[in-house]
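Below: the structure, in structure tokens.
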Amino acid sequence: MKDLKMKLTSITKGIGILFTLFFCVLILKSCQNNSGLIASVEEFNKATADVKPGDKFILANGIWKNAELKLKGDGTPDQPIILSVETKGGVTLEGQSSISISGKHIVLEGLVFKNGYTPSSEVISFRTSKKDLCNNCRVTECVIDNYNNPERFESDYWVGIYGKDNRFDHNYLTGKRNQGVTLAVRMNTEASRENNNRIDHNYFGHRPVLGSNGGETLRIGTSHYSMSNSNTLVEVNYFDRCNGEHEIISNKACQSVFRNNTFFECQGTLTMRHGNETLVENNYFFGNRKANTGGVRIINETQTVMNNYCEGLTGYRFRGALVIMNGVPNSPLNRYFQVIDSEASNNTFIDCDHIQLCAGSDSERSATPQNTKVFNNLFYSKNKKNVFTVYDDISGIEFKNNVLSENMEPFQKNGFLKEYIDLVRNENGLLLPKSLETKDIGMTVVGEIATPKNTGVNWYPRNEETIVFNSGKIIKVEPGVNTLGKAVNTSKAGDIIELQAGGQYISSKAIDVTHPLTIKADGKNKPVMKFRRTSLFNIENGGSLNLSNLTFEGEECDDKPNNTVIRTSRYSMSRNYKLLIDNCDVNNLDVNHSFSFLKIYKNTFADSISITNTSFNNVTGHILSLDKETDDIGIYNVENVVLNNCSFKDIGGTVLNLHRGGRDESTFGPILEMNKCRLINVGKDKRNKSRSSVNLHGVQYAEIMDCDFGNSRPLKIHLVVGEPVTKMKNCKFEKTEKIVTNDGSYDKDIIQYLN
Ligand code: CA
């Protein structure tokens, strides 16, 4: 009996085991049928070797390093193929990772790319080969965060959309710092034209100034295929400080639609660069009076710009609130087509500084706008009387029923009415008139407004890296040898290093600065900094320096040429840096020839370099030589230079050599403010090739006021591109050659002398 029981039990057990095994096999089988958790690239490749409609692939949480994923398959509308993640935010692709997909009805969601860069030309690609494209695919809730090639001018796209009927929505793309469009809709084959792609509810985060062409956030098409229809719809996206270059969006196709997008403090414009029949409606541009913020730029035929809201935009020329360009007669595809049959109507402009008409007019761009309407727009300005600039024959633009606030002056009477306008801010943050006598003027809210809330993803933090000096702790450092270097090495971003007033700090090693750092004296008496290597501070990628109340002495340096107090990284820097110097003395950089104060390298870019209340004495080289981009393709090294209340005495090289070469018009800078500076015996060393004391080449805006040049080489100004502004006031030149300008042209041709 007992035996039988045992036998029965063991049979039952056996059946149980068999069942368990059977289910295990089933589960395994279903794993193979692609609904389990995938934990490695190998598993991914195996699982996706044969993809069927309805397959769902889920990546396991963790860091996926150097994962180049490729997914090909044809789903159906009812049974899409899904690639997702175990937990949103739990899967990060790092190192050299990328993903490409092709086929039909694929949904990709939840991937995060950070801490690395794409090994190929795109991070997320809607194709797996030139022929294998996506149709009816969707990429949603993905994040690309500072995923930058360390080589600043190694170009890549973060997202390349190919094929038709695709959707790219609710993604968060932030911090693109290397060259190349953030999101490109490609139209390079027939299969990608008339594509009906939809780009919606994405959050495009901060894109810092690139200092070159190729910093667009969104581009549709290229000049080559710009006469084909894209039929791409771009709606309800939020653009947050997309400042890469002056095209926030570069449309290069016909029949694209941009609507209900918000542009927050973006330096640049939505540009209809090539192609016709574009519709730009119900968009919101908030400049908050930030420099270079713009609206919409019209080029080409049958363009419609209606019912948009623009407020606080300060940009001029190509980044005005509304820019209507001149074209090139019989323009080649890559130049500027004439504006014909276009329209800007029912737009509202509140406190916008510049409306640019026939912009870009020159000997090449001589074709003025034709048969174009500017109707029913509202212009309100609190302080600015005249916001219109007319660069050429305006007779091809008809103005009708535009209303100006009472204090404003139109450039012509025809088509403009003045009215008292009482504005009130509504629940959406828009300043709109309470009522108007003239009917149907300006914009009205239609549809959804893109906000930080209804765009991007809600599960990924929007932290951002901005250079914030003085946000950390105070570190007190004793005088001595290498005490400063040790303190810098253990410091954190934003820290303040305080040196003892009057103390002596000697560095026998160069100090690498890898984050924003302030170094200053704890009292009035300036500490003295001496160094023995070829440089004292090296600003490496991510580093920025704020120095105040210090003395720098060059006397202990090696007796070799080319020493420098501060230099940038010798390698490419993807992160822009800042260098602020205030109330310092710099003496005796003269142990050998070509000893400079700041030395920069190619492929580095400063947001700003500011020197104030500082004296320089006995320097054999240059103070600021910002001229290392010599390819003359519009790339330059610094956006803003400020020299205020400084003295420069016995300087062998230049005080400032600021260079932007070539004729490219994609960027804003450099911008120079030089006030209350005294130059005595500057620029006369035989190694100073420019034979000048200050050499400005291609500088877009320069203001030189209350400066004295004594016994020095001349000020040289060479301006070729854009409409550069050079203002001078109250400058003296004693025993100094007169200003040298382009090809010896008379200085009054290019300099505005103010009283
Ligand atoms: Ca561009």
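Quick notes
- Criterion: open to solvent by less than 10 Å² (accessible area, probe 1.4 Å) and over 19 Å from SER625 (Cα atoms) - qualifying residue of LEU579, LEU499: LEU499
- Sole residue being of a type in the set (Lys, Arg), open to solvent by 70 Å² or more (accessible area, probe 1.4 Å) and in the same structural domain as PHE605 (by TED's automatic domain parsing), chosen from LYS716, LYS748, LYS727: LYS748
- The single condition among (1) more than 14 Å from the ligand (Cβ to nearest atom); (2) assigned to a loop (DSSP other than H, G, I, E, B); (3) open to solvent by less than 30 Å² (accessible area, probe 1.4 Å) that ASN188 does not satisfy is (3).
- Residue count for region 222-245, restricted to those that are open to solvent by less than 10 Å² (accessible area, probe 1.4 Å) and either within 16 Å of the ligand (Cβ to nearest atom) or part of a helix (DSSP H, G or I) (or both): 5
- Region 582-611 - residue that is under 19 Å from the mean Cα position of the chain (by Cα) and in a loop (DSSP other than H, G, I, E, B) and, of those, farthest from LEU624 (Cα to Cα): ASN603
- No other residue among TYR203, TYR162 is open to solvent by 10 Å² or more (accessible area, probe 1.4 Å), at pLDDT 95 or above, not assigned by TED's automatic domain parsing to the domain that holds TYR601 and not polar (S, T, N, Q) apart from TYR203.
- Of the residues in region 656-664, at least one is closer than 29 Å to GLY360 by Cβ, of a type in the set (D, E, K, R) and in contact with a strand residue (DSSP E or B) (Cβ under 9 Å, 6 or more places away or on another chain).
- Qualifying position, being modelled with pLDDT of 95 or more and either assigned by TED's automatic domain parsing to the domain that holds TYR316 or among the polar types (S, T, N, Q) (or both), among ASN426, ASN414: ASN414
- Residues satisfying the criterion are present in region 490-511 (criterion: assigned to a strand (DSSP E or B) and among the acidic types (Asp, Glu)).
- Checklist (1) open to solvent by 20 Å² or more (accessible area, probe 1.4 Å); (2) touching a strand residue (DSSP E or B) at 6+ places or on another chain (Cβ under 6 Å) applied to LYS486, failing item: (2)
- Flag if VAL468 is at pLDDT below 95, under 26 Å from the mean Cα position of the chain (by Cα) and either open to solvent by 80 Å² or more (accessible area, probe 1.4 Å) or within 30 Å of LYS88 (Cβ to Cβ) (or both): yes
- Restricting attention to region 268-291, the residues that are surrounded by fewer than 24 Cβ atoms within 10 Å (Cβ to Cβ) and either within 16 Å of the ligand (Cβ to nearest atom) or farther than 26 Å from ASN454 by Cα (or both) total 3.
- Members of region 437-461 that are more than 30 Å from LYS418 (Cβ to Cβ) and either open to solvent by 70 Å² or more (accessible area, probe 1.4 Å) or aliphatic (A, V, I, L, M) (or both): GLU448, ALA450, LYS453, VAL457, ASN458, PRO461
- The one condition in (1) open to solvent by less than 10 Å² (accessible area, probe 1.4 Å); (2) in the same structural domain as LEU436 (by TED's automatic domain parsing); (3) within 16 Å of the ligand (Cβ to nearest atom); (4) under 27 Å from ASN195 (Cα atoms) that ILE249 fails to fulfil: (2)
The values are calculated or read from the model by the stated rules, or taken from the named source; none is laboratory data. Note that this is a predicted model, so its numbers are computed, not measured. All Cβ positions, glycine included, derive from the backbone under ideal geometry; neighbour counts span all protein chains shown. Keep in mind that these areas ignore ligands, DNA and RNA; they rest on the heavy atoms of the full protein, side chains included. Shrake-Rupley method; radii C 1.70, N 1.55, O 1.52, S 1.80 Å.
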